[in-house]
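Take a look at the structure set out below.
Bear in mind that the values in this text are calculations on the coordinates, not laboratory data. These figures come from a predicted structure and were not determined experimentally. Cβ coordinates were reconstructed from backbone atoms using ideal geometry, including for glycine residues, and neighbour counts include every protein chain displayed.
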Amino acid sequence: MYIEQIEIRHLELPLVHPFETSFGREEVRQTILVAVRSEGLTGWGEAATSAGPWYEYETVGTCWHVLREFLAPGVVGQEVSAPEDAARLMAPVRGHNIAKMGLEAAVWDLLGQARGQSVAQLLGGTRPRVAVGVSIGVQPSVAALLERIGGFWAEGYSRIKIKIRPGWDVEVVRRVRERFPDAPLMVDANSAYRLADADHLAELDEYGLTMIEQPLAYDDLVDHAELQRRLRTPVCLDESVPSLAAARAALALGSGRIINIKPGRVGGLTVAKAIHDLCLEAGIAVWCGGMLETGVGRAHNVAVASLPGYTLPGDISGSARYFHEDIVEPPFVANEDGTMTVPSGPGIGVEVLMDRVEAATVRGEIEIGD
Ligand code: NPQ
Ligand code: MG
């Protein structure tokens, strides 16, 4: 298919609840939507970046710049017959993975629509429903946290993830465990600790956590390997795995026993699948993380999570957990059994509501092929 047009839009959506992690607090979701047009079809993708370079280095500003000046010009006016073609066209750009995900994902949606296949089918997904969990930010008090967990646990989510940081960790986990003795529970530190904290982190071992996610530096693999040797709790890598090469290094070093594969963080669905294949082969469990995506990015995450190696529940909550109203129809809703149904219609399988997209757009631009 000849890519006739690429459109990028910067959206602002208020969050239902502020989301607080060890790296900061977000009240309004800033994200970028990418649309690709060909033969009367529009494919959608999301570059689920954020206002500042806190989770990783990209921002709305860098994604906008790189999409507009480099990625879109490299893809518009080109023939694309397989989704991997988009990844190949963007390969000359180093890094900027979230920006790449936005454009690549839009091409997957476009090609799925053209072939009458869902993105999940195109990827080789095998599961009609995927297990989903919820990620809960740092709360003003333990009582508030317990109440929030209670609400989500009652909704049926398959596991609970809480954010930790120094001063909000072992004692909080102890009290959560006391109240919810049977809940599959995990913690995410978003790089808030150092190897010198290993003894402190080992105190978490007695609470039966399914994993501790990204305890150490965002670019570290060596210290994570040492930490994993000192913990019974499985270490899960998030920020430290931005590429297939990093995943290979993590496996070689034993930096963790689990990898959270976010398509945005690794630069697209093609790389996400490659890391999945590597981990499946190596017997490393994986799951699909999230970056507070709108329904567009959420749809791609759900599709990826239907691959056979995604055996652990993902950070894929219902749309209502983050947004007053989603920009897609139907919105994503978790089933009572803690799963989410993978859309089976062509492409992302949900309809993008243009009136809501327009209402949330603060900036838009179109690149046209010649
Ligand atoms: C994580 N996600 O696993 C990330 C953190 C993250 C659901 O816990 C804007 C606001 C962008 C908050 C990107 C979850 C973000 C964000 C990532 C949080 O580490
Ligand atoms: Mg994480």
Exercise. Using a cut-off of 14 Å between beta-carbons, work out the net charge of the residues near Asp326 (Lys and Arg +1, Asp and Glu -1, Asp326 not included).
Key: -2
Self-check item: Per residue convex hull volume, Cα atoms of segment 1-138, in Å³
Solution: 125
Quiz prompt | Charge sum, other residues only, whose C-beta stays under 9 Å from Val187's C-beta, Lys/Arg counted +1 and Asp/Glu -1 | solution = -1
Quiz item: What are the lysines whose alpha-carbon lies under 18 Å from the alpha-carbon of Lys100, with same-chain residues fewer than 8 places away excluded?
Solution: Lys262, Lys273
Self-check item: Under 15 Å from Lys161, Cα to Cα: aspartates and glutamates that are on another chain or at least 8 residues apart
Solution: Glu20, Glu147, Asp169, Asp182, Asp188, Glu213, Asp238, Asp315
Quiz item: For Met340, Met101, Met1, what ranking results if the residue with the fewest other Cβ atoms within 10 Å of its Cβ goes first?
Solution: Met1, Met340, Met101
Exercise. For segment 153-241, calculate the relative contact order in percent as a whole number, restricting contacts to Cα pairs under 8 Å that are 6 or more residues apart.
Key: 27
Quiz item: Extent of segment 121-341 along each principal axis, from alpha carbon coordinates, in Å, largest to smallest?
Solution: 47, 41, 25
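Is the C-alpha gyration tensor of segment 110-214 telling us rounded, prolate or oblate? Criteria: a/c under 1.5 is rounded; beyond that, a/b larger than b/c is prolate, otherwise oblate.
It comes out prolate by the Cα gyration axes.
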Quiz item: Out of the DSSP beta bridges found with both residues in the chain, what percent are antiparallel (nearest 5)?
Solution: 65
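For the chain, what does the alpha-carbon gyration tensor say about shape, rounded, prolate or oblate, given a ≥ b ≥ c as the root eigenvalues, a/c under 1.5 as rounded, and a/b over b/c as prolate?
prolate
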Exercise. Report, by chain and number, residues whose modeled amide H sits under 5 Å from the one on Ser118, excluding near sequence neighbours (fewer than 5 apart, same chain).
Key: Gly347
Quiz item: Of the listed peptides 107-114, 353-360, 28-35, what is their order by residue-averaged count of other C-beta atoms within 10 Å, with the highest listed first?
Solution: 107-114, 28-35, 353-360
Practice problem: May I ask for the net charge around Ala305, where only other residues with Cβ less than 14 Å from the Cβ of Ala305 are counted and Lys, Arg are +1 while Asp, Glu are -1? | Solution: +4
